[in-house]
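Only the coordinates and a few stated rules stand behind these numbers; no lab work does. Treat the numbers as computed from the prediction; the structure is a model and nothing was measured. Here Cβ is always computed from backbone atoms with ideal geometry, including for glycine, and neighbour counts include all displayed protein chains.
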Amino acid sequence: MNAKANRKPPKSLRILFADDEVSLQELMRTELPRMGHQVVVCADGDEAVATLRQQRFDCLIVDLDMPGKHGLEVIEAAKEIDTDVEAVVLTGKSSLETAVGALRQGAFDYLTKPCRLVELKGLLQRVAEKRELTNQVRAARRQLERVVGKSQLIGESAGMERVRQLIAKVAPTPSTVLVLGETGTGKELVARAVHDQSPRADKPFVAVNCGALPETLIESELFGHRKGAFTGANENRTGLFEVADGGTIFLDEIGELPKAMQAKLLRVLESGEIRRVGDNDSFQVDVRVVCATHRDLDQMVQDGDFREDLMFRINTFEIELPPLRVRISDIALLAEHFFRRFRPGVPPSDTIFSQEALEALQQYSWPGNVRELANVVEHAAILADDLPIRRDDLPHHFDSRRSRPKGLGPMTLRELEQIAIREALQRHEGSKAKAAAELGVSLKTLYNKLNQNAGLEKSA
């Protein structure tokens, strides 16, 4: 079977067709939808420009010579509204020089009249491929801004093996995934692993921290906006759902979304349609959604802070990451991984950590989880004059107050809970409201825990 036979069908485009020939208008109304595209037909240049100001399009097909605004003027107006829109010009043989001039001004290509449908179909395939590639490049650039180097899931503990098994099960499916775990456990790595093992692996992976987005800009960031939609919207913006089209979007800290945005996200998840801020029309995207939170969504639903229907929609398949304090056997592997990432030239045979340094790392309670371990190792790598790293090379705050004495065996769940609450209260100078928010529980739950553990408040 040849390459043409294996070629994928074109991605659906929203097309504006502008030409004063009635027969061509009727032809495009019929044939473009048969090719899988949506089309709006305009009879002249003025109508085309007015339509461009009301609706969003991926591609224009415009006649160079028609009543009202000239084809080049329509293209110029379209590019002012949306720099991403692709333009194809229709021209007679006598206007080929003008068509070449249109290419110099940013048109994608041109077709001479009478155009053959097979040529038009192939050209639109190339437009769709270019737009898909553009979105992939955007996603890659965004990821490069966020990540230095390639990370991976490290660990051989039973908890991490279970996580890998769950990823392998869900990755090939289109299901929405909810990743749970404390801050710093590596939830984005799980989301990326789901993407990398899915059929979408060669498409964009876009990570969004919902808690870091200003409430006034969340909708614009996720769904995009049209020029002039609000003060400061000086140009069209492509939303992150559109950038992720065909791939995966990772919504980290989903519990931080305001209630109004929760409703809009639910609608997108149910319909697969997004609408830019200031736009009248919705359009389809094909995006797999992976969400993550350190919050207790069940409790948030009970408290009225999170929509129950949205929770059911995002929690099709759940993966919970264990905290580092219960992955003691993984600490040495992780510490060496972070050190070699920071100092890639160290020979594989070199011993990185002394026994006393490893014991100190393994006895620490790790409130910041894997992220804190990476920072501790980087600090030690900078401070150490030579290898192996000694206990004294670890940070000063890395002291016995947070370490578990030797010989006492593994901690119970109640002990771990006490440590987490005590440290949260210490960090927030006794503020129970702030400690509860950090721990991802309601204030009522925190008071219940404090009452169950007599004497805990006195020790904080």
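A straight chain from Thr445 to Lys227 at 0.36 nm per residue would run longer than the Cα-Cα distance by 73.9 nm. Spin-label model, Arg164/Ala332: points 7 Å from Cα along the beta carbon direction are separated by 1.8 nm. Annotation: amide H of Ile61 within the under-5 Å range of Leu16, Phe17, Ala18, Val88, sequence separation 5 or more or interchain, hydrogens built in the peptide plane. Each Lys or Arg adds one and each Asp or Glu takes one away; over the other residues whose Cβ falls under 11 Å from the Cβ of Ala260, this sums to +1. Amide H contacts of Gly239 (H built 1.01 Å from N, in plane; Pro and chain starts excluded): Gly224, His225 sit under 5 Å, all sequence-distant by 5 or more or on other chains. Here the extension length gained between Glu215 and Glu359 equals 47.4 nm, from 0.36 nm per residue of separation less the Cα-Cα distance. In sequence order, region 196-203 has phi-based couplings of 5, 9, 9, x, 8, 4, 8, 10 Hz under the Karplus curve 6.51 cos²θ - 1.76 cosθ + 1.60, θ = phi - 60°, and Gly or Pro positions carry x. Computed over region 147-320, relative contact order equals 30 percent, with contacts defined as Cα pairs under 8 Å that lie 6+ residues apart.
Looking at region 174-302, the DSSP beta bridges with both ends there are about 20 percent antiparallel.
3J(HN,Hα) couplings calculated from phi for region 268-284 with the Karplus curve 6.51 cos²θ - 1.76 cosθ + 1.60 (θ = phi - 60°) are, in sequence order, 5, 5, 7, 9, x, 10, 10, 9, 5, 4, x, 9, 8, 10, 8, 9, 7 Hz; Gly and Pro show x.
Rounded if a/c is under 1.5, else prolate if a/b is larger than b/c, else oblate: which is region 11-132, with a ≥ b ≥ c the root eigenvalues of its Cα gyration tensor?
Values: a/c = 1.15, a/b = 1.08, b/c = 1.07.
Judged from the Cα gyration tensor, region 11-132 comes out rounded (a/c under 1.5).
Estimated from the Cβ-Cβ distance and a Förster radius of 25 angstrom, the FRET efficiency linking Val118 and Asp65 is about 0.55. Beyond 32 Å in Cα-Cα separation lie the following of the pairs Lys227/Lys264; Lys79/Lys203; Lys79/Lys113; Lys187/Lys227; Lys69/Lys264: Lys187/Lys227; Lys69/Lys264. Taking square-rooted eigenvalues a ≥ b ≥ c of the alpha carbon gyration tensor, is region 324-402 rounded, prolate or oblate, where a/c under 1.5 means rounded and, failing that, a/b exceeding b/c means prolate? Here region 324-402 falls in the prolate category. In this structure, Glu76 and Ser175 have a Cβ-Cβ separation that, at R0 = 56 Å, corresponds to a calculated FRET efficiency of about 0.80.
Put a dot 7 Å past the Cα of Gln55, heading toward its Cβ, do the same for Thr134, and the two dots end up 1.9 nm apart.
Around the amide H of Gly247, modelled in the peptide plane, lie the amide H atoms of Arg288, all under 5 Å away and 5 or more residues distant in sequence or on another chain.
Can you tell me how much longer the chain between Arg126 and Glu308 gets when fully stretched, taken as 0.36 nm per residue apart minus their C-alpha distance, in nm with one decimal?
On the way: separation 182, 0.36 × 182 = 65.52 nm, distance 4.27 nm.
Full-extension gain reported as 61.2 nm.
Scalar couplings 3J(HN,Hα) for region 85-90, obtained by applying the Karplus form with A = 6.51, B = -1.76, C = 1.60 to θ = phi - 60°, are 5, 9, 10, 10, 9, 9 Hz; x denotes Gly and Pro. Report the FRET efficiency, 1/(1 + (r/R0)^6), for Asp84 and Glu417, where r is their Cβ-Cβ distance and R0 is 51 Å, rounded to 0.05. E(calc), rounded to 0.05, equals 0.50.
Where both bridge residues fall in region 11-132, DSSP classifies roughly 0% of the beta bridges as antiparallel.
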